[in-house]
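Colleague: Sharing a structure with you now.
The values are calculated or read from the model by the stated rules, or taken from the named source; none is laboratory data. If you're wondering where the values come from, they're calculated on a predicted model, not measured in any experiment. Cβ placement follows ideal geometry from the backbone for every residue including glycine, while neighbour counts extend to all protein chains displayed.
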Amino acid sequence: MNRTTEPSMQASEAVDAYARRLTARLTHGNTELPHDITERLRAARMQALAARKRPMPQSTAQTEAASQVLVSGSSASLGGWGREGGTWWRALMSAVPLAALLIGLFFVNMVQDETVASEIAEVDAALLTGDLPPSAYADPGFVQFLKSSNQTP
């Protein structure tokens, strides 16, 4: 057993023993109380037992980077962000994924722009090399003509 956890376990055992003695003492006087009061006491005891939180066993091993572990209910966070020094290095390393994301989005945008531009150029070339006069493109039936000509092999 680790020496640092031994006193806390002894204190926990002492608290549990005291609670057992106190419960036995209170239960001893229960026999002379009226029924409605014993039922209210039983209900209060059940509520107290339901509300009691059992302490979670704490790990004694800590990493070197974390100077504190702050526990609040069922969540924990690392404390002491700027106490060890090197905060600029940590800030730089936390910005690297963000920079990679922005660079990736920039390249995706460039590829999509090139794809759209090449599709527009193909449509323009097909329109300019076609045999139809420009007024045919304004005709509402021309869209139907394009759809039917694209479906034929």
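Colleague: If you scan region 34-69, which residues turn out to be modelled with pLDDT of 80 or more and either closer than 30 Å to THR87 by Cβ or not in a helix (DSSP H, G or I) (or both)?
Modeller: Across region 34-69, the qualifying residue is only PRO34.
Colleague: Looking at the structure I just gave you, is ALA14 modelled with pLDDT of 85 or more and in a helix (DSSP H, G or I)?
Modeller: So ALA14 passes the test.
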